[in-house]
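The values are calculated or read from the model by the stated rules, or taken from the named source; none is laboratory data. Quick caveat: nothing in here was measured; it's all calculated off a predicted structure. Don't worry about glycine lacking a Cβ; one is built from the backbone with ideal geometry, like all the others, and counts go over all protein chains shown. Note: areas computed on protein heavy atoms with side chains; ligands, DNA, RNA excluded. Shrake-Rupley method; radii C 1.70, N 1.55, O 1.52, S 1.80 Å.
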Amino acid sequence: MMAVSSGCKDGSKIAMDNGKYVRYTPEQVEALERLYHECPKPTSLRRQQLIRECPILSHIEPKQIKVWFQNRRCREKQRKEAGRLQAVNRKLTAMNKLLMEENDRLQKQVSHLVYENTFFRQHTQNTTLATTDTSCESVVTSGQQHPQPRDASPAGLLSIAEETLAEFLSKATGTAVEWVQMPGMKPGPDSIGIVAISHGSPGVAARACGLVGLEPARVAEILKDRLSWYRDCRTVDVLNVMSTGNGGTIELLYMQLYAPTTLAPGRDFWLLRYTSLLEDGSLVVCERSLNNTQNGPSMPPVPHFVRAEVLPSGYLIRPCEGGGSIIHIVDHMLLEPWSVPEVLRPLYESSMLLAQRTTMAALRHLRQISQEVSQPSVTGWGRRPAALRALSQRLSKGFNEAVNGFTDDGWSMLDSDGIDDVTLLVNSSPSKMMGLNLGYNNGFPSVTSSVLCAKASMLLQNVPPAILLRFLREHRSEWADTSIDAYSAAAIKAGPCSLPGARTGAFGGQVILPLAHTIEHEEFMEVIKLENMGYYRDDMTMPGDIFLLQLCSGVDEHAVGTSAELIFAPIDASFSDDAPILPSGFRIIPLESGTDAASPNRTLDLASALEVGTTGNKAGGDNSGHSGITKSVMTIAFQFAFEAHLQDNIAAMARQYVRSIVASVQRVSLALSPSRFGSQNAFPLPPGTPEAQTLTRWICNSYRFYLGAELLKCEGSESILKSLWHHSDAVLCCSLKALPVFTFANQAGLDMLETTLVALQDITLEKIFDDNGKKTLCSEFPQIMQQV
């Protein structure tokens, strides 16, 4: 076996097979290094050619050069591995420091709780001995403190800022809030960080700790730019900036947040933000709402918004040894749930939802930016991550604008047709129409002058948002009208477009082309290619294929309390950065009580995606990720560009289209809910449904009776259900009618028929046979009926 060893830093000393060392001159080493960088892994022929081109290496044996190349590659691999291990070691060291701090905080919290428990126990035992004079003395003593005056003056604002800083730090690293671990989160080196939600605190609160490979100043800069990462943020206006004597900065902000559904108004905030540097070198950005209790500057109410409150929150950013930062994020809000319908109040009372949509979104954005800086070649956002992120922001912002329909954006409501299930808005503002079919391109005049939005919200029962959204993404033909897709694609181009007509051909199919994804794949962007669509429009020039830019998030059914979104917009094949975008799509948000979500006694079993039984089948403290979600609200919004004289026709078309989508979603939800047999892939045959268990037993008994063999070799009703669904053979069940219709098929059967569980009942038995098969069926079926 050949032994390779290096005795010099420059690699000039090599051990050969006979144990003798060969020493190269510096010129030879330089020539070898040059050859290595030009061609690290040359073939024998290529190596000989390179040696001939370099006279200084001509007298060296090829075997010696081969060994030198092997040794050089080994040293390079060792350097890379050493660098990787050092980076991992730094990360683990920082994570260990973070965990130790979290452990200290938890110990303080335990001590605090033990003290409170002892105090309340003594207070309860000595209730009869307590005197009124003692309590009054306590009250008077506590009231003798004289807080610093707080007003709109610089000194008053600094006093409010310092108080905000102290309260924020007590939440970030102290025991001011009782934090419980976010359900479903498992901290570790590869996790997003340590995420917790509040228990027993006013409002909703979430806290996250993590490591990012960015310097503290850069982290603060990114987080203060909320519009770049916070999808729910509509606007942030900095109305005043003031420097403090200690080198800090006080800012007065006005912020607006979009409403997540069509059934509630948006929220706005009047904030003070304080940026300062602590003595230990940590950078702090903290904020709170300004209201009457602070006696600071005021902001009058704004129409169409509900004034909410931010309790002391912010970011604690500490430099990490070896580069990077350790960050603590705290979000604490009072979202005024009284202002929304009772069924939607869990959205404004759920700390888990705040953690998912705000706190974790900030940490994920920082990690994404960090990876793009440190490893640009492996980022999921391609070579232009900033441009792709801007596209995703445009899609999300356009959808939020359609859902909210603010008047200052140019939206006005159209009259209803007597049924208030679908809301119609129209927008003719120049900013909305910029880029939509304007100008005289290709000989066509400007024809598109307005945008119409049809939107609706619906309540879903017992269907996980991730499963439903994944079905809508993968089976577009189940709910979409391809003629309307063709119209939407034509409306954003330069040229005449008319109303969508009736379908005149079959759907050509869709092809999903991945475009980009985030680190954890919780969000991804793709291009949807709808093939063979040109024949829908005989009176206009249309390409055979239609392209949609699509943004998808929340499709992981193992994630707890995550909202799911599917947003798409038609684009041209030659897509440019300034191309017009009219987003449409779906948003599904779980309705989960904030009290239940924050209970420290709640445990989640996420080991199996198949455990989706009804809540009545399990104990209250042992809920799976799916069984805990009983209700969710879906928001649907579709936008259409149109010519002004076609407004009434487009309005009727849009209203009917959204109603048909609502009906399709209801049908799909029923099929995917635990009361049915199941759905494709991750949601098959949930246990606890008597219909599924009975059907499975019938199939197994029938197979055993007629064939004398066991179909499934398993015990227990739950394992039987799973085994039937995942059986390698196709299992099909038909109704006993003159014209048999399929009523059930397992996964292999659905794959064989190339259909879905929803569309299975539209397939008759005779459709899957050829002529000979139909004749055999007609002759054999009566005998089968008699045997049954």
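Brief remarks on what is shown
- Put Lys397, Lys77 in order of accessible area, highest first, and with a 1.4 Å probe you get Lys77, Lys397.
- Rounded to whole Hz, the Karplus (6.51, -1.76, 1.60) HN-Hα couplings of region 637-642, x for glycine and proline: 9, 10, 10, 9, 7, 7
- Rounded, prolate or oblate (a/c below 1.5 giving rounded, otherwise prolate when a/b exceeds b/c) for region 203-319 by Cα gyration tensor: oblate
- For the peptides 351-362, 723-734, the ranking by packing is 351-362, 723-734, with the highest mean count of neighbouring Cβ atoms within 10 Å listed first.
- For the listed peptides 364-373, 698-707, a ranking on the average number of other beta carbons within 10 Å per residue, highest first, reads 364-373, 698-707.
- Whether region 154-376 is rounded, prolate or oblate, judged on the alpha carbon gyration tensor where a/c under 1.5 counts as rounded: oblate
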